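Here is the structure we will look at, set down as structure tokens.
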Amino acid sequence: MTMQAELSYVKPGLALVLAGLLFGIFLGASFGINEGAYQDYIATGVATHPELHDDSSRDRIWRYAQRAHFHATGIAAFSIGLILLVTVSSMKKGLKSMSALLIGLGSCYPLSWFTMFVLAPGMGRGPAHEHVLTGMFTYLGVGGLLAGLFILMANLFLGLFRE
């Protein structure tokens with residue numbers, strides 16, 4: 001089977017990973033182009049809702065945006081490698097697709113940090129951390145990545161799920 005045919009099974013997961021990589025790259029580039037817009041967004045929210053914040057809020061909220069960038073690019077980098085391993089594995093075609101898609105969902109995790117960045121100025125750090133969107137992105141991203149990795153490791157090391 002050609003590499004193009006093998007890649008066809010993992011394309012949805014690979015697309016998610018590449019979208020996550022682009023998110024991280026564009027976020028980092030936007031920091032370089034206009035970091036002030038991020039800082040102003042935080043400062044305005046903290047000034048509007050001073051009762052929700054303490055002296056460390058500005059720095060910690062800015063760190064949420066940075067973590068979104070770092071996690072997006074980092075998770076994408078190793079997820080591309082994992083999906084390439086899925087592609088060349090002996091897994092059944094349907095499980096290749098499922099495993100790659102689950103690994104690709106790992107790209108949702110950085111969105112939890114970005115969600116906290118967006119929400120925290122207006123609602124406080126604690127409520128932003130516990131918000132339903134933050135939790136959804138966290139569980140979807142971490143859960144998907146771990147499930148996809150489990151399937152891959154079960155195939156590679158235990159010989160399960162073979163064609």
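Coupling constants for the stretch 125-133 follow from the phi torsions by the Karplus curve (6.51 cos²θ - 1.76 cosθ + 1.60, θ = phi - 60°), and in residue order they are 5, x, x, 5, 5, 9, 4, 4, 5 Hz; glycine and proline get x. Per-residue 3J(HN,Hα) values for the stretch 30-39, derived from phi via the Karplus relation 6.51 cos²θ - 1.76 cosθ + 1.60 with θ = phi - 60°, read 5, 4, x, 6, 8, 4, x, 5, 5, 5 Hz in sequence order (x marks Gly and Pro). Remark: relative contact order (the chain) = 31 percent; criterion is Cα-Cα distance under 8 angstrom and separation of 6 or more residues. Cβ-to-Cβ counts within 10 Å put Met116, Met136 in ascending order as Met136, Met116, the fewest first. Computed from Cα positions, the angle between helix 109-123 and the longest principal axis of the chain comes to roughly 20 degrees. Here the stretch 124-163 and the stretch 36-75 have alpha carbon centers that stand 25 Å from each other. Report summary: the helix-based calculation at 222 nm, which adds -39500 (n - 2.57) for every DSSP H run with n ≥ 4 and divides by the residues of the chain, gives -29500 deg cm²/dmol. A compact globular protein would have a Cα radius of gyration near 2.2 N^0.38 Å; the ratio found for the chain is 1.23.
Comparing mean-square fluctuations of Ala37, Ala65, Ala15 from a GNM of the chain with C-alpha springs under 10 Å, the top value falls on Ala37.
Taken together, the values in this text are just the output of simple stated rules run on the coordinates, not laboratory data. Small disclaimer: the values here were computed from a predicted structure and weren't measured. All Cβ positions, even for glycine, are placed from backbone atoms using ideal geometry, and neighbour counts span all protein chains on display.
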